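Down below is the structure, laid out as structure tokens.
The values are calculated or read from the model by the stated rules, or taken from the named source; none is laboratory data. Because the structure is a prediction, the values reported are computed rather than measured. With ideal geometry, Cβ positions are generated from the backbone for all residues, glycine too; neighbour counts draw on all protein chains shown.
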Ligand SMILES: NC(=O)c1ccc[n+]([C@@H]2O[C@H](COP(=O)([O-])OP(=O)(O)OC[C@H]3O[C@@H](n4cnc5c(N)ncnc54)[C@H](OP(=O)(O)O)[C@@H]3O)[C@@H](O)[C@H]2O)c1
């Protein structure tokens, strides 16, 4: 286990997170802690590779995050990577969204990610050189084309991107790198709900492979960067 790369992936039950987990486990022989709320989806994912360990957790719950971290700590002494991929989107403009949705979008996309990073620091510090990869969106990338109905979602991702830049400075003394990948459209359940009928130029598998490789190698080239990963709009 000491030489095996260990990576925590959030939002692993479906879409891009599932694809990242499969690529890390199968293409790169990593030990993957695959986290989401959906136990049966995670168990099915884990049946695809013995390298995948399901971690059932609602990221918005402090007590559930604590149980999740205890489980990871009982299995691994370190984390080489943390991929904050879990995300939540409600398609609605600011005048039309209710307070609960506005708060929930930031709760999942920003606060849960920031708090999970804080709580994983002990494990990340113990790896030789660890990498935090936050999954942002082109909507939150400065100067990008904007779309009606995505203001709160996009601003939550902009906050995550800014956090990623700042953490490179704050965590440098621990040998922890931090980057944000701002994704363009990828064909997943989330995209289908937000843009019904739209066909994205990329599928989850291709993006998952890209992010898995970036999580393992990207910090040799980038630190504190908010990078566009897109050739389409949205
Ligand atoms: N698809 C795109 O076009 C696109 C574009 C730009 C950025 N992104 C970003 O890429 C990431 C993955 O997107 P996707 O399209 O694969 O989304 P998705 O299919 O909707 O999957 C979202 C994942 O997040 C998890 N999640 C949501 N709330 C959670 C919570 N409270 N606790 C734990 N897990 C939670 C879900 O798991 P459970 O429901 O099982 O808990 C699910 O696994 C997101 O951050 C998204 O914002 C996607």
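For residue 45, only one of the following conditions fails: (1) touching a residue at least 24 places away in the same chain (Cβ under 8 Å); (2) over 28 Å from residue 205 (Cβ atoms). What is its number?
(2)
Collect the residues in the stretch 90-127 that are assigned to a helix (DSSP H, G or I), away from the ligand (no atom under 16 Å from the Cβ) and surrounded by fewer than 20 Cβ atoms within 10 Å (Cβ to Cβ), keeping them in residue-number order.
99, 118, 121, 122, 125, 126
Report, by residue number, each residue of the stretch 2-24 that is free of Cβ contacts under 8 Å to residues at least 40 places away in the same chain and out of contact with any helix residue (DSSP H, G or I) (no Cβ under 9 Å at 6 or more places or on another chain).
Correct list: 3, 4.
Looking at 165, 192, which is the one that is over 16 Å from the mean Cα position of the chain (by Cα) and surrounded by fewer than 18 Cβ atoms within 10 Å (Cβ to Cβ)?
Every option except 192 fails the conditions.
How do the pairs read when you match residues in the stretch 195-206 that are touching a residue at least 24 places away in the same chain (Cβ under 8 Å) with residues anywhere that are in a helix (DSSP H, G or I) and surrounded by 14 or more Cβ atoms within 10 Å (Cβ to Cβ), using Cβ under 6 Å and keeping only pairs 6 or more apart or on different chains?
200/191; 204/15; 204/16; 204/19; 205/19
So which of 132, 176, 211 is within 11 Å of the ligand (Cβ to nearest atom) and either buried (at least 21 other Cβ atoms within 10 Å of the Cβ) or over 14 Å from residue 83 (Cα atoms) (or both)?
211 is the lone residue from the list that is within 11 Å of the ligand (Cβ to nearest atom) and either buried (at least 21 other Cβ atoms within 10 Å of the Cβ) or over 14 Å from residue 83 (Cα atoms) (or both).
Just to be sure I understand, how many residues within the stretch 151-167 are in contact (Cβ under 8 Å) with a residue 24 or more places away in the chain and near the ligand (Cβ under 10 Å from one of its atoms)?
Qualifying residue count, the stretch 151-167: 4.
Yes/no matrix, rows are residues, columns are (1) modelled with pLDDT under 95; (2) in a loop (DSSP other than H, G, I, E, B):
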position	(1), (2)
143	yes, yes
152	no, no
167	no, no
191	yes, no
196	yes, yes
201	yes, yes
217	no, no
228	no, no
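Is it the case that the stretch 73-89 has a residue that's part of a helix (DSSP H, G or I), out of contact with any helix residue (DSSP H, G or I) (no Cβ under 7 Å at 6 or more places or on another chain) and within 11 Å of the ligand (Cβ to nearest atom)?
No, the stretch 73-89 contains no residue that is part of a helix (DSSP H, G or I), out of contact with any helix residue (DSSP H, G or I) (no Cβ under 7 Å at 6 or more places or on another chain) and within 11 Å of the ligand (Cβ to nearest atom).
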